[in-house]
């Protein structure tokens, strides 16, 4: 197998700057977004849709987790991470959020 000896730098900016410019990313182009809470998310272009109308790549996962937490453990727990106890009980952690998961406090 051939070894690729190159590096690729993706476009990265703050959420505010992406919203302000609102470009149309190329099909398959990865847009890296630094959110206001310090977390980092990505959008993937389709060549037709403007930045503001593209969904984040992790939206489906976030919506599923947040929906399950809100439905089973109360709306105040949406956005928190889960922990699993020794007996298998699942509970939200008290202070950890998506931003903390990404290494931001």
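The values are calculated or read from the model by the stated rules, or taken from the named source; none is laboratory data. Remember, it's a predicted structure, so these values are computed and weren't measured experimentally. In this analysis, Cβ positions are derived from the backbone assuming ideal geometry, glycine residues included, and neighbour counts consider all displayed protein chains.
In the stretch 27-39, the residues that are without any contact (Cβ under 8 Å) to a residue 60 or more places away in the chain reach residues that are crowded, with 17+ Cβ neighbours inside 10 Å and assigned to a loop (DSSP other than H, G, I, E, B) with C-beta atoms within less than 8 angstrom, at least six apart or across chains, in these pairs: 27/45; 28/45; 29/45; 30/45; 31/25; 31/45; 31/54.
Residues that are under 19 Å from the mean Cα position of the chain (by Cα) and at negative phi within the stretch 10-22 comprise 10, 11, 12, 13, 14, 15, 16, 17, 18, 19, listed in sequence order. Would you point out the residue of the stretch 29-51, among those that are exposed (fewer than 12 other Cβ atoms within 10 Å of the Cβ) and at pLDDT 95 or above, that is farthest from residue 8 (Cα to Cα)? If we take residues in the stretch 29-51 being exposed (fewer than 12 other Cβ atoms within 10 Å of the Cβ) and at pLDDT 95 or above, then 48 is farthest from residue 8 (Cα to Cα).
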